[in-house]
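Student: Okay, handing you the structure first.
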Amino acid sequence: MKKIDLHMHTKSSSQDKDFIFSLDNLKRYVADAELDCISITNHNLFDVSQFELIRSSIDALCLPGIEVDVENCHILVISSGQDLNEFSERCQKVSDSWADTENPLNAARFEEIFGNLSQYILIPHYLKNPRIGVDLLGRLSRYITCGEVSSPKKFLSCVKDAEMLIPVFFSDCRISECLSDLPTKQTYIDCDDISFGSLRQALKDKSKVKLSKGEGNKFFQIGSDGQLLSTGLNVVLGDRSSGKSHTLQRVFDWFGEENSYYIRQFDLVSRDEAEDAKKFKDFLSESTSLFARDYLSDLQSAVADVLEIDLESDNASVEKYISSLLSYARETSRQDAFSKAKFFSEDAFRKKDLAGLIDLVSSTKKLVSNVEYREAIDKHLNHDSLKALYVELMRTYEGHEEVNLKKEWVNSVLFDIKGKLQRKSSATGVTEVDLFRVASNKNAVKKFEELVEVARMPKTPLRKRKGSFEVVAQVGRFSGAGELKAVSRSPRSFSAAFSAYSQPYKFIQELRKIGDPVVASEFSRYLVKVDYKILNRDGLQASGGERSEFFLLDRIEGASSAEVLLIDEPESSFDNHFLKAEVNEMIKEMSAQMPVVVVTHNNTVGVSIRPDFLLYTRKDVEMGELKWRIYSGRPSSKTLVSTDGLSLNTRDVLLGNLEAGVATYEERSATYEDLKN
């Protein structure tokens, strides 16, 4: 196995904070981390003189490279170094382009600069920001076999999914003078001799990339001292002030605040009942709002359409039209040459609504141009037929649009002539009205009100279990103005609006009059009542200590988008029955998706949870000085070993930390046996 880091920076650029390169720190990093291969990949630049100095100073294969901004992502371009001057010249073109525009290269210019891309190792940011887009990846797919990821969780996701690129995990560090803690983010590749060719071959085989040397993808290195962590479930044990919290913080810092999900000790338990109740009420209110916004999104779209309709204005225009028509009929005897002209009472052309056709054209275009799901689309729809359909739809659209433009031009001429005729005639003109639009608006309001009544019918669209709790969302009608006021969480009066609640169109007009904070984009929340509840195992609303229990389960479940889950002594706030029956199972489920680290001194969590890896923190005094160590190993191992080679008996550690020692454990066991007999 060879250890590689192909992404590091030795010169600051316009995309970096300024730093001063330290060759000594680079040499220390390569030696201490036992790296077999590195690549210098500065941002949009390559310094050939500095590279030659580095290559001659370190005892590892050093490859020239550059990190290039291409479209909306970063791509590492790594060369064999056989023709260093040519590579330097190509990189200079990248630097010049960036200096001139400070804009990323487009794909065509990137290919033009680097020529035959098959001579390089190309590694884009894959599950790492700014990540490569689907279109660019498709275009360069012949040259790209692996992609850089930002965490062990994402590394494993790529390994498990046959459709994803081969993952690589690198430090992306700045080798500066102030670099104290050496990077610990590297990739192991399975090859005997390290060279550009063997490296390129290994990065084409997913089975040859690993997170650790001896444990494959089950472990990764968390500290420069060689400390490992499991990609599954880790339990941290230790006496008070022995370094447990420090270890958890160390993991937190390694992943970074934006990627870590940290449930701190006592974080979920309030010391004040009123504060706890308010916190739970706010949670329900926010959850109700989020669910309602999603559930009522289609209704809100209908609201947006109906808000464009003004029935009062429509009725007034119809009345005005009828009045003018009657006047015109009564005054036929007074008609003159101007009023007898055809154009005097001619109706305007009605333009064809092309919204549906535009949507169809857009959808067909997406099917034609989609790259990500091309294989699935082609399995059912012939690509040439799709392109032919797209062309025909575009021609149809152009034909209709041409007719609409002609109608628009004729109508403008018509309105101009009618205006001149009416100004010269003593006869009353007939007022213009679009009766089709008026009828359509009236029908749309009727359909809208039918839709609202259906939406208000009592139903339970959400029923989801979370441990022993059940999350329920119920839908129905509001029963009073007070409930509408509660939704708005404002002192505004809703009495006038609620009097029109049974007439949805009139009701939203009344909501308009209320003003801030009742905004039109959320009118659907006032049309339909959504009641979000948390029920306990007895079907009653959760209260008291159950709220904190639910919050813990919800927080653990909410960690799914993070890169690591950290939990500090959950037993400090919850009883053993809840931990064993509810929490342990959920923690195990989360550890199948990401690394989980739990600090505990409780046997219900420490042993019953069946961790993948144990870490025991210990503080010793050696020659008058404090020494903190972490002993670690599998729960099945007889000994836990520190990074400096010391060991402890695993059984003694478990009994001492989880059972208060061997004597206490045996005494309790005897007591239980006596009670049993």
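The values are calculated or read from the model by the stated rules, or taken from the named source; none is laboratory data. None of the values given here were measured: they were computed from a predicted structure. Because the Cβ atoms are built from the backbone with ideal geometry, glycine has one as well, and the counts that use them run over all protein chains shown.
Student: Does LEU199 satisfy the condition of being over 30 Å from ILE630 (Cβ atoms) and surrounded by 17 or more Cβ atoms within 10 Å (Cβ to Cβ)?
Tutor: On the way: over 30 Å from ILE630 (Cβ atoms): yes; surrounded by 17 or more Cβ atoms within 10 Å (Cβ to Cβ): yes.
So LEU199 fits the description; yes.
Student: Something else now. So is SER543 among the hydroxyl-bearing types (Ser, Thr, Tyr), outside the structural domain of ARG456 (by TED's automatic domain parsing), assigned to a helix (DSSP H, G or I) and within 30 Å of SER260 (Cα to Cα) or not? Can you show your working first?
Tutor: Details: among the hydroxyl-bearing types (Ser, Thr, Tyr): yes; outside the structural domain of ARG456 (by TED's automatic domain parsing): yes; assigned to a helix (DSSP H, G or I): no; within 30 Å of SER260 (Cα to Cα): yes.
No.
Student: Is it fair to say ASP100 is farther than 29 Å from LEU53 by Cα and either surrounded by fewer than 19 Cβ atoms within 10 Å (Cβ to Cβ) or among the basic types (Lys, Arg) (or both)? Lay out the reasoning, then the answer.
Tutor: Working: farther than 29 Å from LEU53 by Cα: no; either surrounded by fewer than 19 Cβ atoms within 10 Å (Cβ to Cβ) or among the basic types (Lys, Arg) (or both): yes.
Against the criterion (farther than 29 Å from LEU53 by Cα and either surrounded by fewer than 19 Cβ atoms within 10 Å (Cβ to Cβ) or among the basic types (Lys, Arg) (or both)), ASP100 does not qualify.
Student: Then there's this: Identify, by number, the condition in (1) at positive phi; (2) free of Cβ contacts under 8 Å to residues at least 60 places away in the same chain that LYS513 doesn't meet.
Tutor: (1)
Student: Taking the options VAL391, VAL403, name whichever one is farther than 16 Å from ASP353 by Cα and β-branched (Val, Ile, Thr). Break it down into steps so the answer makes sense when it comes.
Tutor: Values: VAL403 fails: farther than 16 Å from ASP353 by Cα.
The conditions single out VAL391.
Student: For GLY399, all conditions in the list (1) within 30 Å of VAL445 (Cα to Cα); (2) loosely packed, with under 15 Cβ neighbours inside 10 Å; (3) at pLDDT 90 or above hold save one; what is the number of the exception?
Tutor: (1)
Student: Determine, yes or no, whether THR10 is crowded, with 20+ Cβ neighbours inside 10 Å, among the hydroxyl-bearing types (Ser, Thr, Tyr), touching a His at 6+ places or on another chain (Cβ under 6 Å) and within 22 Å of VAL168 (Cα to Cα). Even if it seems obvious, please write down each step before you answer.
Tutor: Working: crowded, with 20+ Cβ neighbours inside 10 Å: yes; among the hydroxyl-bearing types (Ser, Thr, Tyr): yes; touching a His at 6+ places or on another chain (Cβ under 6 Å): no; within 22 Å of VAL168 (Cα to Cα): yes.
The answer is no for THR10.
Student: (1) outside any helix (DSSP H, G or I); (2) out of contact with any Lys or Arg (no Cβ under 6 Å at 6 or more places or on another chain): which one isn't true of LEU421, the others all being true?
Tutor: In the conditions (1) outside any helix (DSSP H, G or I); (2) out of contact with any Lys or Arg (no Cβ under 6 Å at 6 or more places or on another chain), LEU421 misses (1) alone.
Student: Of the residues that make up the range 66-73, is at least one at pLDDT 95 or above and farther than 30 Å from ASN370 by Cα?
Tutor: Yes: one or more hits.
Student: Which of the residues that make up the range 222-271 are charged (D, E, K, R) and either closer than 21 Å to VAL605 by Cβ or surrounded by 17 or more Cβ atoms within 10 Å (Cβ to Cβ) (or both)? It would help to see each step written out before you state the result.
Tutor: Initially, the range 222-271 is screened for residues charged (D, E, K, R), giving 225, 239-240, 244, 250, 253, 257-258, 264, 267, 271.
Answer for the range 222-271, where residues must be charged (D, E, K, R) and either closer than 21 Å to VAL605 by Cβ or surrounded by 17 or more Cβ atoms within 10 Å (Cβ to Cβ) (or both): ASP239, ARG240, LYS244, ARG250, ARG264, ASP267.
Student: Only one residue in GLU453, GLU470, GLU483, GLU510 is under 21 Å from SER297 (Cβ atoms) and charged (D, E, K, R), so which one is that?
Tutor: Working: GLU470 fails: under 21 Å from SER297 (Cβ atoms); GLU483 fails: under 21 Å from SER297 (Cβ atoms); GLU510 fails: under 21 Å from SER297 (Cβ atoms).
Sole residue among the options that is under 21 Å from SER297 (Cβ atoms) and charged (D, E, K, R): GLU453.
Student: Next question. Name the helices (runs of 4 or more DSSP H) wholly within the range 253-353 that hold at least 2 residues that are more than 28 Å from the chain's Cα centre (by Cα) and at pLDDT below 85?
Tutor: Numbers: elements: 273-295, 297-306, 311-330.
Passing ranges, in order: 273-295, 311-330.
Student: Moving on. Given LEU61, LEU45, LEU84, LEU26, which one is touching a residue at least 40 places away in the same chain (Cβ under 8 Å) and under 18 Å from SER195 (Cα atoms)? I'd like the intermediate steps shown before the answer.
Tutor: Working: LEU45 fails: under 18 Å from SER195 (Cα atoms); LEU84 fails: touching a residue at least 40 places away in the same chain (Cβ under 8 Å); LEU26 fails: under 18 Å from SER195 (Cα atoms).
Selected residue: LEU61, the only one of LEU61, LEU45, LEU84, LEU26 that is touching a residue at least 40 places away in the same chain (Cβ under 8 Å) and under 18 Å from SER195 (Cα atoms).
Student: Please specify each residue of the range 463-522 satisfying the condition of being surrounded by 14 or more Cβ atoms within 10 Å (Cβ to Cβ), of a type in the set (A, V, I, L, M) and farther than 30 Å from LEU552 by Cα.
Tutor: Matches in the range 463-522: ALA481, LEU484, ALA497, ALA500, ILE508, LEU511, ILE514, VAL518.
Student: Right, here's the next one. Only residues that are among the hydroxyl-bearing types (Ser, Thr, Tyr) and outside any helix (DSSP H, G or I): list them for the range 546-587, please.
Tutor: Across the range 546-587, the qualifying residue is only SER573.
Student: Every residue in the range 588-626 that is of a type in the set (A, V, I, L, M), surrounded by fewer than 19 Cβ atoms within 10 Å (Cβ to Cβ) and part of a strand (DSSP E or B), please. Spell out how you get there, then give the answer.
Tutor: Taking the range 588-626 first, the residues of a type in the set (A, V, I, L, M) are 590, 592, 594, 596-599, 605, 607, 609, 614-615, 621, 623, 626.
Now narrow it down to the ones that are surrounded by fewer than 19 Cβ atoms within 10 Å (Cβ to Cβ): 592, 607, 621, 623, 626.
Within the range 588-626, VAL621, LEU626 meet the criteria.
Student: Within the range 428-440, is there a residue that is over 22 Å from THR288 (Cα atoms), touching a Ser or Thr at 6+ places or on another chain (Cβ under 9 Å) and charged (D, E, K, R)?
Tutor: Of the residues in the range 428-440, the ones over 22 Å from THR288 (Cα atoms) are 428-440.
So of that shortlist, the ones also touching a Ser or Thr at 6+ places or on another chain (Cβ under 9 Å) come out as 428-434, 438.
Those still in the list that are charged (D, E, K, R) too: 432, 434.
For the range 428-440, residues over 22 Å from THR288 (Cα atoms), touching a Ser or Thr at 6+ places or on another chain (Cβ under 9 Å) and charged (D, E, K, R): present.
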